[in-house]
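Working notes, beginning with the structure itself.
The values are calculated or read from the model by the stated rules, or taken from the named source; none is laboratory data. If you're wondering where the values come from, they're calculated on a predicted model, not measured in any experiment. For neighbour counting, all protein chains shown are included, and Cβ atoms are generated from backbone atoms with ideal geometry for every residue, glycine included.
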Amino acid sequence: MKIDRTGEGKELYKNNKKLFEGKYLNGKIWNGKGYNIDGNLEYIINNGAGKVKEYNYEGDLEFEGDYLNGEKNGKGNEYNNGKLIFEGEYLFGKRRNGKEYNNDK
């Protein structure tokens, strides 16, 4: 059974510094601030919209781009282990148009 977060909350990195602090709505970040692993402010999201940088709990960048309605929507880039794996457009949180990269070499 999946439980969607709604209300005030925060997420932490492995080093216990803030990753995100603010309000969630139906499991999506809605209003709040996102930080990098050094504790520096990276983005502010209002009503589910803004330019966002998503990091994993180790501090590696996984996504940077536009959010709308609390999900990826618009231009953005995805990363894996610091390497670009997708650049393009998203619609309703899913990849729509763009380029995928193979970084297995």
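Name the single residue that is surrounded by the most Cβ atoms within 10 Å (Cβ to Cβ) among those in the range 1-57 being modelled with pLDDT of 95 or more, basic (Lys, Arg) and in a loop (DSSP other than H, G, I, E, B). Only one residue fits best here, namely Lys17. Residue count for the range 1-23, restricted to those that are in contact (Cβ under 8 Å) with a residue 24 or more places away in the chain and hydroxyl-bearing (Ser, Thr, Tyr): 1.
Here Leu91 fulfils each of the conditions (1) free of Cβ contacts under 8 Å to residues at least 24 places away in the same chain; (2) touching a Phe, Trp or Tyr at 6+ places or on another chain (Cβ under 8 Å); (3) surrounded by fewer than 16 Cβ atoms within 10 Å (Cβ to Cβ) apart from (2). Within the range 40-96, the set of residues being under 20 Å from Glu21 (Cβ atoms) and out of contact with any strand residue (DSSP E or B) (no Cβ under 9 Å at 6 or more places or on another chain) comprises Asn40, Glu58.
Within the range 58-83, being without any contact (Cβ under 8 Å) to a residue 24 or more places away in the chain and not in a strand (DSSP E or B) holds for Asp60, Asn81, Gly82.
From the list Asn36, Asn31, Asn102, Asn77, the one residue that fits, being out of contact with any Pro (no Cβ under 9 Å at 6 or more places or on another chain) and closer than 20 Å to Arg5 by Cα, is Asn31. Within the range 39-87, being over 11 Å from the mean Cα position of the chain (by Cα) and hydrophobic (A, V, I, L, M, F, W, C) holds for Leu41, Ile44, Ala49, Leu68, Leu84, Ile85, Phe86.
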